[in-house]
Amino acid sequence: MKTFISRNDNNKDRNTHQLATSRFKRWQDQLSQPIQQSIDFFSDPRNLSKQEVGSVSRWVVAGVSQENIEQFQKIATRTGIKNDGTKLNTEGFGIDGLELTSLRPGSASAFHQLKQHANKLGLEFWQEVKQEITTMGEIDPLTITEGTFDLNLGDEATATDVNGDGIPDPMFHLLASDAANASYGVNAVGGWSEASGEGVRVGIVDSPHDLLHTDLNGNLPVNFDLDGDGILEVDADGNGIPDILDNDHSAGSIASHGTAVSGIALARHNNGSAVGVAPESTYVPHHLVFGGSMPDSGYYNYTDVVNNSWGWDGTSGVLQTRTPLFLASWETATQNSIQVVAAGNERDPGNTGTQGWDNTNNDGWTRRDNIIVGATMRNGEVEQYSTPGASLFVSAPVNGSNFRFINSFGVNSNQQRTTTSDVTDDPANNFDDVGYANGTVTTRMNGTSAAAPMVTGSIAMMLEANPSLTVRDVQHILTETSIKNGLFDSNGDGQLDAVNPNAGGDAAVPGSAGSIELRTTFQAGVNTTFGIADGHNTGWFQNGAGHWVSDSFGFGIVDAGAAANAASTWTNVSDELKATTNTILSNPYTIPEGNLGGLNSLSDAGSWNVNDTLKVEWVELTLDLNLPEQDEVMLAVQSPSGTRSVLMAPGGNDATGFNGERTLITNQFWGENSDGEWSIEVLDTNNDGDSATISNAYLDIYGTCDKESPLKVTPFSKLQSNGFSLQSLAKKFLADGGANNGSYKLLSVNPYGDKDSFGTFTQGVASGLKIDQGTIFTTGKAEDAIGPNSAPNTTTNWNNPGISLLGANSKDLSGMEIRFIPKQNMVLDWKAQFGSEEFDEWSPSIFDDKAAIFFGRVRRRNARLEHLRPSNLLEGPSGTGFSVNGFSKNQSMFKEHIQMNEPCGPLTWEYDGTSRNAWNSKKAFLQKGKVYTIAPMIADAQDHIYDSGVIFGPNKTIIRPIDKFIRPIQVKPIGIDTKPEGIDRITGDIDFKQLGTSETKRFAWAKLDPAKLSDGQIDSIRWDDVDLKRSSGKRAFDYKRADWNAIINSDGFGDQAAKSLRTDLLPDHSLSDESLEKLMGMGVNMNAGKMDLLTM
């Protein structure tokens, strides 16, 4: 995903315009924000609880200097701390050359001492704590006997009443939602006619799995390479499981959770036990919980969507910090496949020692790129354990009986929850139960662990319908298609506006009120959990873009059928843009104490003014927290539309503090406009006199730009495929400089760089540029110049060299050198405009990307451009270079001459900074009959990253469109030698593609003027069929007027043409080095004297 950092003058401090000599002041600056925060946390022993101190598994030192790490290890050895020999994986840290060393932990004083040495050596040093991973449900499963199920869920037949409540028990969650009667399902059956997950690789990272289960075994992959070693996996031991998956299998009770979760997502529709949401998807299991480990990048590269129904043991209701090694693994996961994550069962952790009102923002590891899933009952009410939060995305129903969780035990312990696969045992034997239930099915699976795989299966259906979907596409579709459970249209105007009185309630208490509510205040009007009061109102509210959203449900219950249908015709969303505000609250703000009340009961701590006009998807708040008791604080962000999103909420009874930087995320502003005033609001809800503060707060706002750039860029690779030759591009450039096509003789064109790095452009003025049409040269891909600006670091590393004329350390040169002879005296000049991703972080710096138009006389035809000592026709302000530093030599020059390019701004091309005006080049004075070179070009400086571009156009006030340069070709039967008498010189257009071999050989070439052949015609002639040996007669070819460089380098000039070529008839100084080399390679013999005579 692309991101952009806003450059508003009021949004960040300008650099001091001192020359920057490296990309990063510290290598640590390249780490992701979550990993940086985690390292900061675990490198300070004061942040560790007593339990965590006792769970330290290793110390880790990290750096990019092997010499410094070796020096550190020597110091550690003298301190008595030794390397434990563990090889640590650097994947996910995102830094080339990073080295990690694992050390055996020692005393607190030893850690403190080594930490000081690490700081001096530019290294990071932290303690890795063993954090136990656990499942997110089943919660207290009870045994129930297997029943018989009606697998055709769309017919009128009924299923067996398994639990004896008088209601048939199909897998209700697969059915469509009936909102009027408050019966909700994920509507998998509504999409199976279109998609069922076929061809989609679904990863289930969980406990071990019963891979021999009849529901699952048939979905295992075949003919696959999971570890990326190029060798297909096999089942060498013949146990029915590919050998690489053997360690993921278990027939014991520890496989219960992984088997149940897998069955919900993808159990095969095979007249067996259960049926999954995506029953034809490919099953890629992995053992993590109960002694396993995180998958590697090979697993995530192979899978398309991965289910994660697991979380962490420990105190809930407080901010958690995950270790750097785990977060690096999670970065790898998130970057390579779609990650679906169970929200957690900690709304009220009644099964733990501490009850706390938890929040999805507390977990410390999920990202905006993840899809976090909550759990509901069939009637739309939130499950009493389902963790709420502003990052929750969607929900799924896991409780078919509608008995609230707390009332589903004892006499109600036979009530259905979710039906799915269970570890295989004999249903006729009640004494061999190894799973949740007797037999191969359980009807009591629940928890957000059961909700997540319903969404995972739904996404698999979406990906079958449209394999090109990204995680952001999936999120957009889910926001548009999910069902707003419990809401209805009360007045018939077509708009949801009230809670459905039929929704919610507890079947254990007939007639009981539901807990679904609208959020018109921050105070909870209902109690959604048990044991403790709700921390705040988590009900439905409508944001400024019209989206209904809830802390309990996200955007609602997923509708797999509607989502798959929408996916089938979905157009990928545009690049993700990112606007970053300035940092406020440099002085800590003390959070006022008071009572939680209405939506205005929080205190305004500070605000930001955002000028960027993004259509918002996610907002991230990063700030420093100094909280004596986290569970007392309410924190919300308010958007310009007036929407408030709660990022921290009070609740529970844990008096844990937190001191450090934290990032909190929300999707509840989805679709709103970003421009306007944003604010942060806080309240300490316990009047106990402690002093909680926040400071150094800023927002990262992610979204898209509805504006499409009118800029049209066509790289040369595409121009060439349409018959537009390099000579045509050169003629275009010269024409823009003022040279008419007939006013010069083109000798040669030498390209520099990749064919995708340069080309033509149009619609420049409509895009906010000062030149409307012309040629473009970039150090990356020319098409990447098309905006709106979507990345601060657009980069293509061609790994190509530069040219000394643009600096000894120039890289990725793009341009062309044109050599020609004027047929008359002429003056040429151009307009030029410069843009670069180097602005403004690396301006001025050693990364001084430069553009130029080099001009000079050619006195030795075979001399290289660098040896001609050409002059540069381009100058920046006050005679500086036309370069990054040339426009930013000092602060005043930068402000005067560089326009910073905001996302969705008036300038819709990619580069972060652009010269405010088009600059006139110096004039090139050319004399008739002399040989000249003109070379427009651009290059990176020092390294291959952060692209720059330059556009050239006519130095005239008029605006005219680009000519095609290839005249329309018409078939004319003129010139074929069918008459004994000759005809006048041919001047009409001829389509040589229509001439056969015999017609080409009989063509009256003497009647044709070669100088009038277009580039397209030259390329279409089969020169092997032309008798180039003839020097007289109707079929003789006019050597003197032909463009031999174009002919020799055309597609139709082969070995036969080279063999018949009369080198003695070629005009002096008519061949470029490239043409000569091609002829020599085709076997044409010439002595050194002849070569010198022919060379330009």
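Details
- At most 15 other Cβ within 10 Å, DSSP loop - trypsin sites (Lys or Arg not before Pro), segment 790-885: 823, 859, 860, 864
- Sorted by Cβ density within 10 Å, fewest first, the residues 290, 111, 409, 887: 409, 290, 111, 887
- Neighbourhood charge, 14 Å Cβ-Cβ cut-off, centred on residue 268 and excluding it, Lys, Arg +1 and Asp, Glu -1: -4
- Considering only 785, 658, 885, the residue lying farthest towards the positive end of the dipole of the chain is 885, judged by Cα position with unit charges set on Cβ.
- Cα gyration tensor category, rounded, prolate or oblate, for segment 574-704 with a/c compared to 1.5: prolate
- Gain in span if fully extended, residue 1064 to residue 74, counting 0.36 nm per residue against the direct Cα distance: 348.9 nm
- Taken over the chain, the convex hull of the Cα atoms encloses 225 Å³ per residue.
- Lysine pairs meeting the criterion (Cα under 23 Å, 8 or more apart or interchain), as found in segment 992-1094: 28
- Residue 47-residue 269 FRET efficiency (beta carbon distance; Förster radius 56 Å; 0.05 resolution): 0.65
- Note on segment 809-939: Lys pairs 8 or more places apart or on different chains, Cα atoms under 30 Å apart, count 28.
- Full extension of the segment from residue 809 to residue 595, taken as 0.36 nm per residue of separation minus the current Cα-Cα distance, would add 70.7 nm.
- With θ taken as phi - 60° and the Karplus curve 6.51 cos²θ - 1.76 cosθ + 1.60 applied, the whole-hertz 3J(HN,Hα) list for segment 873-885 is 7, 9, 9, x, x, 6, x, 6, x, 7, 7, 4, 5 Hz, x standing for glycine and proline.
- Calculated FRET value between residue 1082 and residue 863, using beta carbons and R₀ = 25 Å, to 0.05: 0.50
- Under 5 Å, built H, 5+ apart or other chain: amide partners of residue 1008: 986
- Each of 1090, 731 was scored by other Cβ atoms within 10 Å of its Cβ. Listed from fewest to most, they are 1090, 731.
- Taking label points 7 Å from Cα along the Cα-to-Cβ direction, residue 180 and residue 1012 give a separation of 7.9 nm.
- Separation of the residue 708 and residue 109 label points, Cα + 7 Å toward Cβ, nm: 7.1
- Packing-based ranking of 602-610, 438-446, 574-582 yields 438-446, 574-582, 602-610, ordered from highest to lowest mean Cβ neighbour count within 10 Å.
- Around the amide H of residue 134, modelled in the peptide plane, lie the amide H atoms of 311, 312, 313, all under 5 Å away and 5 or more residues distant in sequence or on another chain.
- 3J(HN,Hα) from dihedral phi, segment 192-202, Karplus parametrisation 6.51/-1.76/1.60, rounded to Hz, x for glycine, proline: 5, 5, 9, 7, 9, x, 4, x, 9, 8, 9
- Total lysine pairs in segment 644-780 at Cα distances under 24 Å, for residues eight or more apart or on different chains: 14.
- FRET efficiency, residue 993 to residue 717 (Cβ-Cβ, R0 25 Å, nearest 0.05): 0.70
- Anchor residue 82: aspartates and glutamates whose Cα lies under 19 Å away (excluding residues fewer than 8 positions away in-chain): 67, 70, 99, 124, 128
- Per-residue 3J(HN,Hα) values for segment 380-395, derived from phi via the Karplus relation 6.51 cos²θ - 1.76 cosθ + 1.60 with θ = phi - 60°, read x, 6, 5, 5, 5, 9, 5, 5, x, x, 6, 9, 4, 9, 9, 9 Hz in sequence order (x marks Gly and Pro).
- Along the axis of the charge dipole computed for segment 264-409 (Cβ charges of +1 for Lys and Arg, -1 for Asp and Glu, origin at the Cα centre), the listed residues 317, 333, 295 are led at the positive end by 317.
- Helix content alone sets the calculated 222 nm mean residue ellipticity of the chain: runs of n ≥ 4 DSSP H residues at -39500 (n - 2.57) each, divided across all residues, give -4500 deg cm²/dmol.
- Using the average count of surrounding beta-carbon atoms within 10 Å as a protection proxy, the listed peptides 906-918, 774-786, 94-106 rank, highest first, as 774-786, 906-918, 94-106.
- For residue 748, distant residues with modelled amide H under 5 Å away: 819
Bear in mind that the values in this text are calculations on the coordinates, not laboratory data. Remember, it's a predicted structure, so these values are computed and weren't measured experimentally. FYI the Cβ positions are ideal-geometry reconstructions off the backbone, even for glycines, and counts take in every protein chain you see.
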